[in-house]
Each structure stands twice: as structure tokens, then as C-alpha cells.
Amino acid sequence: MSRIFITGSTDGLGLAAARTLMKEGHDVVLHARSRERASALAEISPTALGIVIGDLASATETRSIANHVNAIGRMDAVIHNAGVYLERSRGETPEGHAKTLAVNVLAPYLLTAWIARPDRLVYLSSGMHRSGGSALDDIDWKKRPWNASQAYSESKLYIATLAAAIARHWPDVLSNAVDPGWVPTKMGGAGAPDDLEMGHLTQTWLAASDAELTKVSGQYWYHRHQREASPEVTDTGFQDELIEKLAELTGIRLFAERRQSARPG
């Protein structure tokens, strides 16, 4: 039995993952953006280990989430499932960041820094990460005209890269990224063609299974198969530049060592 925290577990893939893990006998800590959203968990909350509430668009509330999770106890695994898709505008979080960046990248980064280190970390990426691009000078969309699809793609490139960087820096942790596919959730839409069940079973498998195939780190997964990610994801120079940028934006340094050198070119 494992103790697992899942962000964004009020609907879609997060809720499906929570139900699956709970049926398997694991202790699951649920997360909702607000108390109103938490009402969607009424069916499974009585058997959950706990529910934490907080908006991942806010660094202050993200800190509160981490504190609450730590108060419950050390997790064996954390599934960073929560995310936003095509935001109509850049928006602005309490800290002044673009909402897509804040929820999809900064919040997982901060939670990774603040939650007691688990044995396994699972980050949800997307096949769209391949359209992300490697320029980091305007990661927060303060200069470019807003492009919702590009912002989402970039965020999913960054989160896959974060997963790979953690695998490199923390060899005692199994850190992996998952492409759940284009699945028929509220985010994906009713007409999405991929398998909803396989969309969430990959992350639950990576978070809790004893299968030898799951005991790897730094990989990019799709439907329980390893796939090749965009070259930036495994580029250690790009990893270091991204981590440095996230440290600058949040004021929190995930790894003790500083970046030694910039990426060539």
C-alpha cells in the first residue's frame, strides 16, 4: 500500500487516477482548487486519506497545499496532474505570472521543492510539448502577443524537462513524465480519440506498481510505453537553463548546486 497525493483530482484524469488507486487499496490525498470544487469529491472523500484545498495559480496557496500534505505525512508518490489548457488570455496570477505557466509549471516546481521528497514523482506532459521550442527569454509571456496553444505547448515541454532534470539530480527518486493522450475529459473534449482509461492508468502504474518496468527514471511515457521526447527534454544544458529560470521566477531553488555553464550556442 502506498500513500499518494494527486493534484487536480476533482475531475478528469486526476479523479480517475484517484478512484483507481483507492480501489487498489492505496491511501490517496486528494486536491481541489476551492471548497466548491471539493464538493465533487463527496463520493470518494470519506475513504480518502485527506483533501487539501488551494489554487495552484497562487504561490501562497501552493505553499499552503504543500504544508497540508506534509502535515498528513510523507507521500510515497506525487502525481502532478493539475493543469490548464487553452487560456483565452495571458491572465495574471497574484505574483504577476501568466496563468498557464503558473499552474502547469511553477506550481509543480514549487510543490516538488516544498513537499517532503517522495519515492516517485509523476508529471503530466502532452504530445504538444514537441511544439514548445527552446527559447526561454520570454517564458512568462511578457513580450510576445498571447498565443494560448503555444503557451500550453511550452508549459508541457517545461514540465517534461523538469521531470528529466529531477531524475538526473535526485537519483533516489523515480521521476517520469506522462503523455496521457488526447482523451475525452472536460479539457480534451468529448470527441477526443484516445483511450481515457489508458490516459490515467499510466500514471497510477508509475506511481504505485511494483512492476520492474516502472522502476526507471527520467523517461517519457505514453500508454505504458516509453516514447522519445523532444530533444530539449534530455538536453542537460536546456534542463539547467530552465531550472535556473524557474528559480528566478519563484525565488525557490530546487537543487542546491547552481548551473555551471550555459547551453552551447
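The values are calculated or read from the model by the stated rules, or taken from the named source; none is laboratory data. What you are looking at is a predicted structure, and each value in this text was computed from that prediction instead of being measured. Cβ sites come from the backbone with ideal geometry, for glycine too, and all protein chains shown count toward neighbours.
In the range 22-36, what count of residues is obtained for those that are in contact (Cβ under 8 Å) with a residue 24 or more places away in the chain, of a type outside the set (Asp, Glu) and buried (at least 16 other Cβ atoms within 10 Å of the Cβ)?
Of the residues in that region, 7 qualify.
Looking at the range 121-147, I want the residues that are under 16 Å from LEU13 (Cβ atoms) and in contact (Cβ under 8 Å) with a residue 40 or more places away in the chain and have a partner that is surrounded by 18 or more Cβ atoms within 10 Å (Cβ to Cβ) and of a type in the set (Lys, Arg) with Cβ atoms under 9 Å, at least 6 apart or on another chain. Which pairs are those?
Matching pairs, first to second residue: LEU124/LYS156; SER125/LYS156; SER126/LYS156; GLY127/LYS156.
Sort through ASP172, ASP194 and tell me the only one that's in a loop (DSSP other than H, G, I, E, B), at pLDDT 95 or above and surrounded by fewer than 22 Cβ atoms within 10 Å (Cβ to Cβ).
ASP172 is the lone residue from the list that is in a loop (DSSP other than H, G, I, E, B), at pLDDT 95 or above and surrounded by fewer than 22 Cβ atoms within 10 Å (Cβ to Cβ).
For the range 50-65, which residues satisfy the criterion of being within 21 Å of LEU21 (Cα to Cα) and within 16 Å of the chain's Cα centre (by Cα)?
ILE65
If I ask for residues that are among the charged types (D, E, K, R) and either assigned to a helix (DSSP H, G or I) or surrounded by 24 or more Cβ atoms within 10 Å (Cβ to Cβ) (or both), which ones from the range 81-115 would you list?
LYS99
Would you point out the residue of the range 152-169, among those that are over 14 Å from THR236 (Cα atoms) and more than 12 Å from the chain's Cα centre (by Cα), that is surrounded by the most Cβ atoms within 10 Å (Cβ to Cβ)?
Within the range 152-169, the match that is surrounded by the most Cβ atoms within 10 Å (Cβ to Cβ) is GLU154.
Would you kindly identify the strands (runs of 3 or more DSSP E) lying entirely within the range 1-66 that contain at least 1 residues that are within 16 Å of ARG120 (Cβ to Cβ) and of a type outside the set (Phe, Trp, Tyr)?
3-6, 27-32
When you look at ALA229, is it buried (at least 19 other Cβ atoms within 10 Å of the Cβ), in a loop (DSSP other than H, G, I, E, B) and at pLDDT 95 or above, yes or no?
Against the criterion (buried (at least 19 other Cβ atoms within 10 Å of the Cβ), in a loop (DSSP other than H, G, I, E, B) and at pLDDT 95 or above), ALA229 qualifies.
Return the pair list, or none, for Cβ contacts closer than 6 Å from residues in the range 40-62 that are at pLDDT 95 or above to residues that are assigned to a loop (DSSP other than H, G, I, E, B), at least 6 apart or on different chains.
ASP55/ARG33; LEU56/ALA82; ALA57/THR93; SER58/PRO94; ALA59/GLU95; GLU61/GLY54; GLU61/ASP55; THR62/LEU56
Before we move on, is VAL78 surrounded by 18 or more Cβ atoms within 10 Å (Cβ to Cβ), part of a loop (DSSP other than H, G, I, E, B), under 17 Å from the mean Cα position of the chain (by Cα) and of a type outside the set (D, E, K, R)?
Considered against the rule, which asks whether it is surrounded by 18 or more Cβ atoms within 10 Å (Cβ to Cβ), part of a loop (DSSP other than H, G, I, E, B), under 17 Å from the mean Cα position of the chain (by Cα) and of a type outside the set (D, E, K, R), VAL78 comes out as no.
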